[in-house]
């Protein structure tokens, strides 16, 4: 049966049944199908299908699929989704039925950069899993934007428990975890770098995104491989109803997204691109830009099969060119030197949805993901130019191949199981340098390879007041050849001084194997229909870590796989939560607490040399750590003034555990991690003045991040040197910032498809120079101290957004 | 090769450098004991300097007087010997052994320093590695009219080696710390030093020591601080790793904690050429 709506009528069309009713259960019937947007055909993730007057129902999965078993008497169901009109259906329950449901958007007006129109509800009552945040592109567009450009990373940073090392730094830290502990998935493909322009912008074009879910508390067993959070981003499928587009023209870059049916209601495409142009403000010999392209193809093959193919390609390019006339042997030659630094992310996913029955859904995905960077320099002629570099090409690549299968069995409205297997092949090629210069050797460090196999099982069940989401994942990891593994003298430290040789491993030969069970458990207890208590715990293993000991992660930091010297990171987290909604859900309140332990996290020796380091393990030391915190959040959903306020108290500490005790940092005592920021406050407010005008305000405050300061000086052979405090014993001043935006939605001509809106405002309204780092120098017999701020003032912005 | 790292950092700094401002220096003084000693065949004496760090605002340094210093060795048979504990104070916390010491290749050496307040500091046992001779020195034109001097030697194949190279170009001193990771076992290994004397002949005096890892790491930290702390703003500072203390192989006996400084045992080879 399919249901569509006209302006004032509900049309029900009966489809052929998929299965006959079970004769053993004559009075039970299954309805199943997909829930989608009526206007675009876009499937809706997390839409609720509930039996009217009864506390039972299901939500659509990440492909919009639902399955609900009903008693014959339960013939009225309600389907709801945020921002869409709730509908009620009366069913004639005599057979199992396939019912594809289309929901009509609540507000068909232009909805981009609308700060206050959308009906928001951030209630945490329904989710069994504590510490989850669900967002869509409207939420992103209504949130703080840098230069008026909506950005996923900045929205993540406005959530309780999420922080960063400072403005413009790459990635984000979740509940005391490093940035490499976030599993960032774009249509299930993992991404290794989520930033453009050294961290100023995220790599995702918001116009192309359908749904974002951040798991920072408990994490379902189907996810693994990263220890602290999962950011699950799903691209839109593209409208299967009509051709449409949207985009924006901003100060720094522009974006355009086109989507439409290839065959109406059957197949669709989406293509989305961005390109920056701020290099036009720079010298013509300096090149700084980024670009990205997302594309997706969706094909509903038949009622039981659907195919998706999607891809992403993004690149950042920085470069400069030197041109010079050089006199040589009495002849003037024109010489040119070009230096280029480029980093790229690429992903490709093919996914196949299959319905084995109206209760069993399967998805199989084949995924490729690649992150690489290139630094190259080219000189024409034989003459070295002033400031020019040697001719060389330096590359580094991290690649994943993934094949995974996920099955969901909807046993009854209160019970669901998910199970599957995830297989990943890793290949990291850390450094390869091809050089034409005599003073720079050719370098090709051995690639790291590994295989990870992870079957999982999830059991989701609810009773009258108690709900359970539990699971178990088993991760089997093998570091494999071909590889030459450096050997160190036994009994001593792993250091360049104790290298005694190397062992060669053949292709696919196992060098080191690790395995372990990862239990996941989440409980929710409904104290009333407006109050819930939650409890959860999980364990995660992480087999790949980012090697970076700088204040901010850099694009040329390298990824390192677990091997005989670097054990997998193991994280256990325990969390407890309380959520409360006021009457009519006008306000949603939540309080979450957590305690988290880290084992075998990477730390760096005093004075570690990581740059072009073949034996990187000789510069690392294992560490353990802990993090704990409490996160309070309140959301206001109704009225012209809407918004959210959250406060986080958290601590994150580390303690090195070197075999050779003198390698320990701070002599083996606990010290604050680089992103230990005890107090964080975020305020987001939107006020709708009238149909056309709205204003938005964002404010953030965070305790300054830890740093190591000089504590004295000494003399070595007549030269002055500093002594330094314990690692991270001091802090930079606290940071805060306010952004203000005004949004104008032109009502325009209702007869045309073109809808435009303007967004303008000020980023960093009062020009706060937040300290990113400090450094001290000794100059002219004087100690001088400097502060570095990434942003030095208030930045006005204006963006024109359109939709057609 | 460091230029490879600097290039992208310079690009990043084109975006950022206007956001640097000078701020007041804070006095977070914590006193630290610093012990730097060496036993080299070219001086034949053990020399040790003991000092306590001073506040960033002090103009004088604080050499520690009246320390008792002993030098020990362990020979190939595992026998521990007190070489000498007779040292002469030379002022400003500097001490020199009264008698010459002839260190033996393959033996281990260490020092013990007893302060007047009863605190005892020891260096770890440090092996004297065989001499590595500088065979020749060459020069060629580099970038920006610079000159690249190559100090060529034969790197021992059987173990990892670490070198401290001190070069005097006329009166212009340069110190380099290098490991043999790139050129291990190469019979014509070379350490490259950049300077600016291509069009003129200069007296090049080079001294090279085959040192232990801790001495190498101490000098890496020393040179790193020397580059970053002295002079103007550098783009690298924006992305600098954590500040590094000058830690080597000295340990406070009672607390078993590493303190600042290093004790170096090494043979020195020297080459002097007009180039």
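For the subset of the range A:709-728 comprising residues that are more than 15 Å from residue B:25 (Cβ to Cβ) and part of a loop (DSSP other than H, G, I, E, B), which member is nearest to the other protein chains (Cβ to nearest Cβ)?
A:727
Does residue B:165 satisfy being at pLDDT 85 or above, exposed (fewer than 15 other Cβ atoms within 10 Å of the Cβ) and touching a strand residue (DSSP E or B) at 6+ places or on another chain (Cβ under 7 Å)?
Here the answer is no, as residue B:165 does not meet what is asked.
Given the conditions (1) more than 13 Å from chain A (Cβ to nearest Cβ); (2) within 23 Å of residue B:214 (Cα to Cα); (3) outside any loop (DSSP other than H, G, I, E, B), and given that residue B:90 satisfies all but one, which numbered condition is not satisfied?
Against the list (1) more than 13 Å from chain A (Cβ to nearest Cβ); (2) within 23 Å of residue B:214 (Cα to Cα); (3) outside any loop (DSSP other than H, G, I, E, B), residue B:90 comes up short only on (2).
Got at least one residue in the range B:71-80 being over 24 Å from the mean Cα position of the chain (by Cα), in a strand (DSSP E or B) and more than 14 Å from chain A (Cβ to nearest Cβ)?
So far as the range B:71-80 goes, yes, one or more of its residues are over 24 Å from the mean Cα position of the chain (by Cα), in a strand (DSSP E or B) and more than 14 Å from chain A (Cβ to nearest Cβ).
What about residue B:62, is it exposed (fewer than 14 other Cβ atoms within 10 Å of the Cβ) and either modelled with pLDDT under 95 or closer than 19 Å to residue B:251 by Cα (or both)?
For residue B:62, the condition - exposed (fewer than 14 other Cβ atoms within 10 Å of the Cβ) and either modelled with pLDDT under 95 or closer than 19 Å to residue B:251 by Cα (or both) - is not met.
Collect the residues in the range B:21-59 that are over 30 Å from residue A:732 (Cα atoms), more than 9 Å from chain A (Cβ to nearest Cβ) and surrounded by 15 or more Cβ atoms within 10 Å (Cβ to Cβ), keeping them in residue-number order.
Selection gives B:35, B:37, B:38, B:39, B:40, B:41, B:45, B:46, B:47, B:48, B:50.
In the range A:609-642, what residues are touching a strand residue (DSSP E or B) at 6+ places or on another chain (Cβ under 7 Å) and under 16 Å from residue A:547 (Cβ atoms)?
A:610, A:612, A:615, A:616, A:619, A:620, A:621, A:622, A:623
Of all residues in the range A:784-804, which are buried (at least 18 other Cβ atoms within 10 Å of the Cβ) and more than 8 Å from chain B (Cβ to nearest Cβ)?
A:797, A:799, A:801, A:803
List the pairs whose first member sits in the range A:254-269 and is more than 16 Å from residue A:39 (Cβ to Cβ), whose second member is surrounded by fewer than 17 Cβ atoms within 10 Å (Cβ to Cβ), and whose Cβ atoms are under 6 Å apart, counting only residues at least 6 apart or on separate chains?
Correct list of pairs: A:269/A:262.
Given the criteria under 21 Å from residue A:161 (Cα atoms), in the same structural domain as residue A:604 (by TED's automatic domain parsing) and at pLDDT below 95, does residue A:673 qualify?
Yes, satisfied.
Please go through the range A:526-540 and give me each residue that is over 20 Å from residue A:569 (Cβ atoms) and part of a strand (DSSP E or B), ordered by number. Before the answer, list the steps.
Taking the range A:526-540 as the starting set, the residues that turn out to be over 20 Å from residue A:569 (Cβ atoms) are A:526-535.
Selection gives A:526, A:527, A:528, A:531, A:532, A:533, A:534, A:535.
Does residue A:637 satisfy the condition of being closer than 30 Å to residue A:688 by Cβ, in contact with a helix residue (DSSP H, G or I) (Cβ under 7 Å, 6 or more places away or on another chain) and in the same structural domain as residue A:689 (by TED's automatic domain parsing)?
Answer is yes for this residue.
Of the residues in the range A:763-786, how many are touching a residue at least 24 places away in the same chain (Cβ under 8 Å) and outside any loop (DSSP other than H, G, I, E, B)?
Count: 6.
For the range A:567-606, how many residues meet the condition of being without any contact (Cβ under 8 Å) to a residue 40 or more places away in the chain and either in contact with a helix residue (DSSP H, G or I) (Cβ under 9 Å, 6 or more places away or on another chain) or over 30 Å from residue A:494 (Cα atoms) (or both)?
Of the range A:567-606, the ones without any contact (Cβ under 8 Å) to a residue 40 or more places away in the chain are A:572, A:574, A:593, A:595, A:597, A:599-600.
Those left that are additionally either in contact with a helix residue (DSSP H, G or I) (Cβ under 9 Å, 6 or more places away or on another chain) or over 30 Å from residue A:494 (Cα atoms) (or both): A:574, A:593, A:595.
Summing the residues that are without any contact (Cβ under 8 Å) to a residue 40 or more places away in the chain and either in contact with a helix residue (DSSP H, G or I) (Cβ under 9 Å, 6 or more places away or on another chain) or over 30 Å from residue A:494 (Cα atoms) (or both) in the range A:567-606 gives 3.
Return the only residue of A:316, A:283, A:292 being at pLDDT 80 or above and within 13 Å of chain B (Cβ to nearest Cβ). Break it down stepwise before answering.
Working: A:283 fails: at pLDDT 80 or above; A:292 fails: within 13 Å of chain B (Cβ to nearest Cβ).
Residue meeting the stated conditions: A:316.
Take the range A:729-762 and flag every residue that is touching a helix residue (DSSP H, G or I) at 6+ places or on another chain (Cβ under 9 Å) and in a loop (DSSP other than H, G, I, E, B).
Result: A:729, single match.
Taking the range B:225-250, which residues are modelled with pLDDT of 75 or more and more than 7 Å from chain A (Cβ to nearest Cβ)?
Scanning the range B:225-250 gives B:248, B:249, B:250.
Across the range A:82-113, which residue is modelled with the highest pLDDT among those that are buried (at least 22 other Cβ atoms within 10 Å of the Cβ) and within 29 Å of the chain's Cα centre (by Cα)?
By that ranking, first place goes to A:103.
Does residue A:781 satisfy being surrounded by fewer than 19 Cβ atoms within 10 Å (Cβ to Cβ) and within 13 Å of another protein chain (Cβ to nearest Cβ)? Full working, then the answer.
On the way: surrounded by fewer than 19 Cβ atoms within 10 Å (Cβ to Cβ): yes; within 13 Å of another protein chain (Cβ to nearest Cβ): yes.
Answer is yes for this residue.
For the range A:583-600, give me each residue that is more than 19 Å from residue A:674 (Cα to Cα), touching a strand residue (DSSP E or B) at 6+ places or on another chain (Cβ under 8 Å) and surrounded by fewer than 23 Cβ atoms within 10 Å (Cβ to Cβ).
Correct list: A:586, A:587, A:588, A:589, A:591, A:593.
If you go through the range A:567-585 one residue at a time, do you hit one that is within 14 Å of another protein chain (Cβ to nearest Cβ) and within 22 Å of the chain's Cα centre (by Cα)?
Among the residues of the range A:567-585, not one is within 14 Å of another protein chain (Cβ to nearest Cβ) and within 22 Å of the chain's Cα centre (by Cα), which makes the answer no.
Out of all the residues in the range A:624-645, is one or more over 22 Å from the mean Cα position of the chain (by Cα) and within 14 Å of another protein chain (Cβ to nearest Cβ)?
no
Residue A:642 - would you say it is assigned to a strand (DSSP E or B) and buried (at least 18 other Cβ atoms within 10 Å of the Cβ)? If you could, list the steps in order and put the result at the bottom.
Details: assigned to a strand (DSSP E or B): yes; buried (at least 18 other Cβ atoms within 10 Å of the Cβ): yes.
When the stated conditions are applied, residue A:642 passes them.
Quick one: is residue A:409 closer than 30 Å to residue A:546 by Cβ, at pLDDT 85 or above, buried (at least 16 other Cβ atoms within 10 Å of the Cβ) and assigned by TED's automatic domain parsing to the domain that holds residue A:277? If you could, list the steps in order and put the result at the bottom.
Numbers: closer than 30 Å to residue A:546 by Cβ: no; at pLDDT 85 or above: yes; buried (at least 16 other Cβ atoms within 10 Å of the Cβ): yes; assigned by TED's automatic domain parsing to the domain that holds residue A:277: yes.
No: the conditions fail for residue A:409.
The values are calculated or read from the model by the stated rules, or taken from the named source; none is laboratory data. Every value quoted in this text rests on a predicted model; they were computed, and no experiment measured them. Please note: Cβ atoms are built from the backbone with ideal geometry, for glycine as well, and neighbour counts cover all protein chains shown.
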